[in-house]
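**Q** Here's a structure for you.
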Amino acid sequence: MSEKRIPPRSLSAEESTLLARVDEQKAQLVELLGQLVAIDSRVINLETFSDQEPIFSFVEAFMKQAGATCERFRCTHPHVPDGSNKAWPSLIAAIGERGTGKALQLCGHLDVVPFSPESWTSDPLQATTRDGKIFGRGTADMKGGVASQMMAFKILSSAGIPLKGRLQMLFFPDEEMNGDYGSQFMAREHKAAIDAPTIIGEPTGQPPIKSPAIIVGEKGHAWLKLKFHGASGHGSMPKPRSNAINKASKFMANRGKMELPKVKPPLSLRNMLGSLLSRYSLGSLLSLARAPATEAPDPYNEDGLGIGNFFNTTISFNQIHAGTKVNVIPPTCEMEIDVRVLPGVTVKDVINSIVHYCTRLGFRIKIPGEFVNLQEAAGKLKNRPMDVELSIISFTPGTFDDPGRPFTTLLSGAFEDVYHVKAVHFFAPGSSDAVFLRGAGISDVVLFGPTGGNTHDANEFVDVEDLVNTCKVYLLTAYRMLCK
Ligand SMILES: [Zn+2]
């Protein structure tokens with residue numbers, strides 16, 4: 001998809017020299033990504049300990065060689081026996097002084113999601129270059145961005161330019177499981193150590209869009225469990241009204257009537273369109289909206305791009321468990337729902353919506369004791385047995401930083417000097433470690449990283465050219481923040 005070019009601005013001699021160094025180091029950057037991909041750092045779930053020591057040791061050794069002072073943090077794993085040495089590492093690697101008032105933090109997670117090698121065309125643990133792309137688990141999400149950041153750090157560190165502040169890299173072990181042992185732990189226990197303007201190198205571009213966006217905010221989530229209760233019995237005597245599966249299915253089938261919390265989105269459709277039109281022509285935007293999002297579109301996908309998901313609270317029914325035998329009516333049905341919320345929506349707002357909806361469906365609902373049950377308070381359905389119990393798996397609020405802040409402006413300038421197209425600022429429907437950093441009160445947290453695709457899927461890839469370009473953007477941003 002073609003982009004409107006903007007005329008290049010002139011760079012200082014020192015800036016040009018630094019950027020030329022990235023081009024010289026391209027083979028080393030690709031090699032570094034290959035080394036990161038080859039270290040298996042899959043995480044499974046919160047209950048299962050994954051040993052991230054091998055990848056953290058590798059990264060720590062690299063950073064020390066690049067001149068960094070390293071500090072390790074350990075969050076012990078709650079599901080292993082006491083006295084075990086199992087812990088989740090986080091790592092800070094830094095050059096320059098703390099407390100000068102100038103600091104930049106480059107941040108990434110080293111874990112990846114699981115994979116089934118049989119669905120891949122090449123070994124997921126061996127980075128493979130084809131058609132200008134590097135394939136392998138984590139190349140896009142997000143070992144590619146991490147490799148670019150590490151290389152930018154190394155180049156600045158070895159350039160011999162005195163720093164007037166501190167450049168630090170922050171590595172997390174478990175973003176793919178919600179950051180309980182990494183970003184959440186660090187934001188809670190060691191906030192002072194990580195409180196700096198931050199660029200998280202998550203992939204923020206997706207083909208056919210060539211140049212990555214700068215993400216300034218993300219939706220949060222309310223992950224909830226609903227347990228429906230019904231009458232059990234013999235399958236030969238169906239119970240259409242009291243079968244727990246039927247209740248769950250009634251809950252899902254009428255979701256159009258559920259009034260999910262509404263707030264004004266931080267970036268309106270108009271803002272986002274305006275931003276996109278500074279980079280793309282209207283014609284190419286329209287063709288993008290019509291084009292399939294991937295090279296091999298899923299024939300079952302009838303839902304299109306889902307632009308509305310950026311601006312509204314959404315709900316997705318993603319897990320359901322019920323029944324033990326074909327001829328037995330199940331007494332319960334458990335469902336897990338994924339509600340995504342804009343900044344400003346609280347978990348109480350979400351629960352109230354669900355309580356109101358259950359009242360409309362004629363279901364009596366029980367909610368956690370710390371919330372006022374509006375159904376109960378109104379004296380409704382009190383003679384019914386409890387149809388459904390709601391519990392909270394986790395809640396994270398949505399967060400947003402104004403894209404007009406000086407830090408974002410500086411990053412955008414560096415982006416435009418490398419890419420020669422306008423920077424676009426976006427709000428993401430998914431969440432990352434950024435929500436926990438912003439949630440702890442750290443301001444200036446943005447996402448920016450190399451274009452890639454098939455994240456969390458087979459044949460994940462990152463664009464080689466973009467690895468180089470994002471590395472240049474990190475380097476230029478660090479130089480302008482810390483060396484001038
Ligand atoms: Zn990620």
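**Q** Give the residue from Thr359, Ser431, Met386 lying farthest towards the positive end of the charge dipole for the chain; charges sit on Cβ (+1 for Lys and Arg, -1 for Asp and Glu) and the dipole is referred to the Cα centre.
**A** The one lying farthest along the dipole's positive direction is Thr359.
**Q** Which whole-number percent of Cα pairs in region 302-402 have a distance greater than 16 Å? Walk me through the numbers on the way to the answer.
**A** Working: 3358 of 5050 pairs.
That tail contains 66 percent of the Cα-Cα pairs.
**Q** OK, next. Within the chain, what whole-number % of the accessible surface is contributed by carbon and sulfur, with the 1.4 Å probe and all protein chains included in the calculation?
**A** Values: 11410 of 21530 Å².
Roughly 53 percent, rounded to a whole number.
**Q** Here's something else I'd like to know. Measuring from centroid to centroid over Cα atoms, what is the spacing of region 450-465 and region 224-271 in Å?
**A** Using only Cα atoms to place each centre, the spacing works out to 35 Å.
**Q** Set Lys and Arg Cβ to +1 and Asp and Glu Cβ to -1, take the dipole of the chain about its Cα centre, and tell me which of Val37, Pro297, Gly308 lies farthest positive.
**A** Checking the options against the dipole of the chain, the answer is Gly308.
**Q** Dividing the Cα radius of gyration by the Kirkwood radius, what Rg/Rh value follows for region 134-274? Before the final figure, lay out each step's value.
**A** Details: Rg = 23.9 Å, Rh = 20.8 Å.
Result: Rg/Rh = 1.15.
**Q** Ignoring everything but the protein chains, give the 1.4 Å probe accessible area of Asp433 in square angstrom, nearest 10.
**A** Approximately 10 Å² of Asp433 is accessible to the 1.4 Å probe.
**Q** Further question: Excluding same-chain residues fewer than 8 positions from Lys239, which aspartates and glutamates have a Cα within less than 19 Å of its Cα?
**A** Glu334, Asp387
**Q** If Lys and Arg each add +1 and Asp and Glu each add -1, what is the summed charge of the other residues whose beta carbon sits under 12 Å from the beta carbon of Thr198?
**A** On the way: positive: Arg438; negative: Asp195, Glu202, Asp401, Asp433, Asp444.
Summing Lys and Arg as +1 and Asp and Glu as -1 gives -4.
**Q** Note down the nm distance, to one decimal, between modelled labels 7 Å out along Cα→Cβ at Lys64 and at Arg130.
**A** 3.9 nm
**Q** Sticking with this one: Have a look at Tyr419, Gly452, Thr399 and report the one farthest towards the positive end of the charge dipole of region 339-484, computed about the Cα centre with Cβ charges (Lys/Arg +1, Asp/Glu -1).
**A** About the Cα centre, the residue reaching furthest to the positive side is Thr399.
**Q** A further question follows. Between Lys262 and Phe371, what is the label-to-label distance in nm when each label sits 7 Å out along the Cα-to-Cβ direction?
**A** Taking the two extended label points, one gets 2.0 nm.
**Q** Quote the charge dipole size of region 395-457 about the Cα centre in Debye, to the nearest 20; the model charges only the Cβ of Lys and Arg (+1) and of Asp and Glu (-1).
**A** Values: 3 positive and 7 negative charges, 19 e Å.
Dipole about the Cα centre, nearest 20: 80 debye.
**Q** Ratio to report: Rg/Rh of region 225-329, with Cα atoms as the point set and Rh obtained by the Kirkwood method; give two decimals.
**A** On the way: Rg = 21.2 Å, Rh = 18.2 Å.
On the Cα set of region 225-329, Rg over Rh gives 1.16.
**Q** Could you size up the charge dipole of the chain around its Cα centre, putting +1 on the beta carbon of Lys and Arg and -1 on that of Asp and Glu, and report it in debye to the nearest 20?
**A** On the way: 51 positive and 51 negative charges, 365 e Å.
Using Cβ point charges on Lys, Arg, Asp and Glu, the chain gives about 1760 debye.
**Q** Tell me the volume per residue, in Å³, of the convex hull enclosing the alpha carbons of the chain.
**A** Working: hull volume 82.7 nm³, N = 484.
Convex hull of Cα atoms, per residue: 171 Å³.
**Q** Still on this structure: Which value, in debye to the nearest 20, gives the size of the charge dipole of region 13-110 about its Cα centre, when Lys and Arg are +1 and Asp and Glu are -1 at the Cβ?
**A** Working: 9 positive and 13 negative charges, 38 e Å.
Dipole of region 13-110, to the nearest 20 debye: 180 debye.
**Q** Between their Cα atoms, which of Lys210/Lys422; Lys191/Lys484; Lys250/Lys348; Lys191/Lys348 are more than 21 Å away from each other? Each step should come with its number before you reach the end.
**A** Numbers: Lys210/Lys422 12 Å; Lys191/Lys484 27 Å; Lys250/Lys348 23 Å; Lys191/Lys348 27 Å.
Beyond 21 Å between Cα atoms: Lys191/Lys484; Lys250/Lys348; Lys191/Lys348.
**Q** Which value, in Å² and to the nearest 10, is the accessible area of Tyr181 when all protein chains are kept and the probe is 1.4 Å?
**A** 20 Å²
**Q** Let me ask you something else. Using helices alone, I'd like the mean residue ellipticity at 222 nm for the chain: each DSSP H run of four-plus residues gives -39500 (n - 2.57), total over residue count, nearest 500. Each step should come with its number before you reach the end.
**A** On the way: 14 runs with 149 residues, N = 484.
Counting only the DSSP helices, I get -9000 deg cm²/dmol.
**Q** Explain nothing, just the number: relative contact order of region 1-160, from Cα pairs under 8 Å at least 6 residues apart, as a whole percent.
**A** Numbers: 172 pairs, mean separation 45.3, N = 160.
Once divided by the residue count of region 1-160, the mean separation gives 28 percent.
**Q** Now for a separate question. Tell me the Kirkwood hydrodynamic radius of region 4-90 in angstroms, computed as one over the mean inverse distance between distinct C-alpha pairs.
**A** Answer for region 4-90: a Kirkwood hydrodynamic radius of 16.7 Å.
**Q** DSSP loop GluC sites (Glu not before Pro) in region 18-70 with at most 12 other Cβ atoms within 10 Å of their Cβ, which ones? Numbers along the way, then the final one.
**A** Values: sites: Glu24, Glu31, Glu47, Glu60; in loops: Glu47.
Here the GluC sites (Glu not before Pro) that fit, given the DSSP loop and packing criteria, are Glu47.
**Q** Can you list the lysines whose alpha carbon is less than 18 Å from that of Lys380, not counting same-chain residues fewer than 8 positions off?
**A** Within the straight-line cut-off, Lys380 pairs with Lys366.
**Q** Using Cα pairs under 8 angstrom and six or more residues apart, how large is the relative contact order of the chain, in percent? Walk me through the intermediate numbers first.
**A** On the way: 979 pairs, mean separation 125.4, N = 484.
About 26 percent, as a whole number.
**Q** Could you tell me what a quarter of the Cα convex hull surface of region 86-200 works out to, in nm² with one decimal place? Walk me through the intermediate numbers first.
**A** Numbers: hull surface 36.6 nm².
In nm², the orientation-averaged hull projection of region 86-200 is 9.2.
**Q** At a Förster radius of 41 Å, what calculated FRET efficiency corresponds to the Cβ-Cβ distance of Asn318 and Glu31, to the nearest 0.05?
**A** The computed FRET efficiency comes out at 0.60.
**Q** For the full complex of protein chains and a 1.4 angstrom probe, list Lys472, Lys382, Lys348, Lys102 by accessible area with the highest value first. Walk me through the numbers before you get to the answer.
**A** Working: Lys472 30, Lys382 135, Lys348 115, Lys102 75 Å².
So the residues, ranked largest to smallest area, are Lys382, Lys348, Lys102, Lys472.
The values are calculated or read from the model by the stated rules, or taken from the named source; none is laboratory data. Predicted model only: the values in this text are computed from it and were never measured. Virtual Cβ from ideal backbone geometry, glycine too; neighbours counted across all protein chains shown. Accessible surface is based on the protein model in full, side chains and every heavy atom, while ligands, DNA and RNA are left aside. Shrake-Rupley method; radii C 1.70, N 1.55, O 1.52, S 1.80 Å.
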